[in-house]
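Engineer: The structure under discussion is supplied below as structure tokens; questions concerning it will follow.
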Amino acid sequence: MHFKTPSMGHFRANRRESQGLRARAARLHPIARPFYRSFIAGLTFLLCLGLLLPGAAAAETAAPAETRNTLVPLLPNGSCAGAKSATIFGLQVYGSSGRNASYFSTLQNSGASWVRVPVMWEDIEPNDVTPSQYQWAAVDNALLGARDACLNLIATIDHAPGWAAFYPRAPLFAHAYGDFAEFVGALVERYDGDGVSDSPYGMVVNHWEFYNEPDLGPQPSGATAWGNAGAQYAQMLRTIYPVVKAANPQAQVVFGGIAYDFFDVNDGPFVQSFLEDVLKAGGGDYFDIMNFHYYPAFRKAWYRYENSANEGTGLVGKTTAIRELLHQYGLNKPVVITEAGWHNNDHEELPSSDEDQSRYVVQFFAQSKALDLEFMIWWMLSDPVGEYQYATGLVTDTNPPIAKPAYKVYQVAAARLGYAEYSGTLTVAETKNEKVEVHRFTDPHTKKVFYVAWLNPISANGSTSISLSGETARVYDKIGILIATKQDAEDGANDGKVTVQVGGSPVYIVIN
């Protein structure tokens, strides 16, 4: 069920590679074929991206367009930087993240604190030139959300130009590491907000991710990526790390979001040893934040790391596995997820619904809080365009965008969980049911304890009862509607416990 399987982020691969992957898909085990076709669609998606996404092919001399009917006033240069206190909630966008994007109001009103956008080296420096000749228009346009909505941006540096690598996502030519360092230094300096060589549009970016899913291995067409070149990826990090810090001491170097799933040993496209190869080569000293992607298709593979048989999302297990590997190399890094999501369309190979997508929104973010993740990016704000078959967006790709049920669920989750303080996950001994997942939080404003609870697996129907400490409770569904008052969930036995019904759809239980 890996709808995204190997890469929702493979947007600029060429058609020949896509055709080679189609041939490979025909040779896969029948169970794996639909997953691999998703990968192919993701690769082919790029062919449409440059034509359909706003700002994707902006002229070098064009200034970012502005629309004045925005809810956020135009702010002075750099004044947004750090102004918006960050929650863990984020969204992926392509093209512009600013007020000139058709989906800007939905981005602005979503409750997201983070936005992830791609920054393509090949667009900025298509020919080997000096920084004074860089073409900044496209990246200025992409990063406008940092100014127009005071969002915290994570920029994914990707796609080397043809003069620097055989393939846009491949290891760099030996002579190009210095050129890449020059490019990265100029890029980070332009968006550090110190008033020196800054973008005239006032964006500040402090999180820089190096390549999308760099664990991708060689492809049937002959193209290759970093997957079998962990030592070279470590060398790249070693080269750029001091450059980033020199340009902006506040900047964070983020490991490229690895798929870390559908491995080559299972005839998949991702190299299982990539992360460890990077760490063996000493790369652990040259990034600040660990980063991976998560889609539930292979969730069962991660259950063994959870010590649980509750058929949950698998997110806890995968996060645990990656942290354990880092600990083996003496590393205790903050962890983020720059892609996670699920579709709502009822695809014949991967059936789903509005309800399924909405459930994952709450579950992913509640678990991310419990796992102490720095942030999680939902892939993506608006539905993908082109050949990609799975509608993973929270809004449609129409103009104007139409919000899906999951968008409201996201808003409510951001409001309830964004600044809440996580204080524990109930054990099976406490819930009396290993299929029930319950996370405890405290509202920082009211100081009231509340729980987020659901019945696993994702498709669960029916309900079960759980007992929680408290005299009364109010129960809200995932879109914030009150569904049980204190008369429905109260301490009937006068034993300091309230009994609440929990089903597959997540609920918020506020204890009084």
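The values are calculated or read from the model by the stated rules, or taken from the named source; none is laboratory data. Computed from a prediction, not measured in an experiment: that's the story for all the values here. Every residue, glycine as well, gets a Cβ built from its backbone with ideal geometry; the counts of neighbours run over all protein chains shown. SASA here: full protein model, heavy atoms, side chains in, ligands and nucleic acids out. Shrake-Rupley method; radii C 1.70, N 1.55, O 1.52, S 1.80 Å.
Engineer: Stick to Cα atoms and the Kirkwood definition of Rh, then tell me Rg/Rh for segment 377-426.
Structural biologist: Ratio of gyration radius to Kirkwood radius: 1.13.
Engineer: If you don't mind, another one. Among Lys318/Lys432; Lys448/Lys497; Lys300/Lys333, which pairs are too far apart, with a Cα-Cα distance over 22 Å?
Structural biologist: Details: Lys318/Lys432 25 Å; Lys448/Lys497 16 Å; Lys300/Lys333 25 Å.
Lys318/Lys432; Lys300/Lys333, as the Cα separations exceed 22 Å there.
Engineer: Once you put a point 7 Å from the Cα of Val385 and another 7 Å from the Cα of Ala231, both along the Cβ direction, what distance in nm separates them?
Structural biologist: About 4.3 nm separates the two model spin labels.
Engineer: Want the number for Phe173 to Ser132: 0.36 nm per residue separation, take away the alpha-carbon distance, what's left?
Structural biologist: 12.5 nm
Engineer: Suppose all protein chains stay in the model; what accessible area per residue would a 1.4 Å probe give for segment 282-331, in Å²? Could the numbers behind the result be given before it?
Structural biologist: Numbers: 1850 Å² over 50 residues.
It amounts to 37 Å² per residue over segment 282-331.
Engineer: Please compute the length gained on full extension between Ser273 and Asn109, using 0.36 nm multiplied by the number of residues separating them and subtracting their Cα-Cα distance.
Structural biologist: 55.0 nm
Engineer: What are the ³J(HN,Hα) values, in whole Hz, obtained from phi via the Karplus relation 6.51 cos²θ - 1.76 cosθ + 1.60 with θ = phi - 60°, for each residue of segment 456-469 in sequence order, with x given for Gly and Pro?
Structural biologist: 7, x, 4, 8, 4, 10, x, 7, 9, 9, 10, 10, 10, 5
Engineer: State the percentage of accessible surface on segment 215-326 attributable to carbon and sulfur atoms; use a 1.4 Å probe and exclude ligands, DNA and RNA.
Structural biologist: 46 percent
Engineer: Measuring from label point to label point, each 7 Å out along Cα→Cβ, what is the Ala415 to Lys300 span in nm?
Structural biologist: 3.9 nm
Engineer: Return the sequence-ordered ³J(HN,Hα) values of segment 360-373 in whole Hz as given by the Karplus equation 6.51 cos²θ - 1.76 cosθ + 1.60 applied to θ = phi - 60°, using x for Gly and Pro.
Structural biologist: Values per residue, Gly and Pro as x: 5, 4, 5, 4, 4, 6, 5, 5, 5, 5, 5, 8, 6, 6 Hz.
Engineer: Also, I was wondering about something else. I'd like to compare 291-303, 154-166: which one has the highest average count of other Cβ atoms within 10 Å, and what's the full order after that? Could you put the intermediate results ahead of the total?
Structural biologist: Working: 291-303: 22.4, 154-166: 20.5.
Sorting 291-303, 154-166 by mean packing, highest first, produces 291-303, 154-166.
Engineer: Next question. Starting from the alpha-carbon convex hull of segment 81-175, give the projected area averaged over all orientations, in nm².
Structural biologist: Computed as one quarter of the Cα hull surface, the answer is 7.1 nm².
Engineer: To continue, here is another question. What size of dipole, in debye to the nearest 20, comes out for segment 153-289 about its Cα centre when the only charges are +1 on Lys and Arg C-beta atoms and -1 on Asp and Glu C-beta atoms?
Structural biologist: In total the dipole reaches around 220 debye.
Engineer: Shifting gears a bit: Rank by packing, highest mean first: peptides 359-370, 108-119, 425-436, with packing defined as the count of other Cβ atoms within 10 Å averaged across residues.
Structural biologist: Going from most to least packed, we get 359-370, 108-119, 425-436.
Engineer: Could you rank Glu276, Glu209 by how accessible they are, 1.4 Å probe, largest area first?
Structural biologist: The most accessible residue leads, giving Glu276, Glu209.
Engineer: Further, regarding this structure: What does the accessible area per residue of segment 148-257 come to in Å², with a 1.4 Å probe and no ligands, DNA or RNA counted? Could you put the intermediate results ahead of the total?
Structural biologist: On the way: 3180 Å² over 110 residues.
Per-residue accessible area for segment 148-257 comes out at 29 Å².
Engineer: Follow-up question, since we're still on this one. Return one whole number: the accessible area per residue of segment 360-461 in Å², for a 1.4 Å probe. Numbers along the way, then the final one.
Structural biologist: Working: 3830 Å² over 102 residues.
On a per-residue basis, 38 Å².
Engineer: In whole Hz, with x marking every Gly and Pro, tabulate ³J(HN,Hα) for segment 137-147 from phi via Karplus 6.51 cos²θ - 1.76 cosθ + 1.60, θ = phi - 60°.
Structural biologist: 4, 5, 6, 4, 4, 5, 9, 4, x, 5, 9
Engineer: Which three numbers, in whole Å and largest first, are the semi-axes of the equivalent ellipsoid of segment 245-355 derived from its Cα gyration tensor as √(5λ)?
Structural biologist: Its equivalent ellipsoid spans semi-axes of 28, 17, 14 Å.
Engineer: While we're looking at this one, here's another question. How many times 2.2 N^0.38 Å is the alpha carbon radius of gyration of segment 357-469?
Structural biologist: That works out to 1.21 for segment 357-469.
Engineer: Keeping the other protein chains in place, figure out the carbon and sulfur percent of the accessible area of segment 369-512, with a 1.4 Å probe.
Structural biologist: Carbon-and-sulfur percentage of accessible area, whole number: 49.
Engineer: Subtracting the Cα-Cα distance from 0.36 nm times the residue separation, let me have the gained length for Ala246 to Ile481 in nm, one decimal.
Structural biologist: My answer for the length gained is 79.6 nm.
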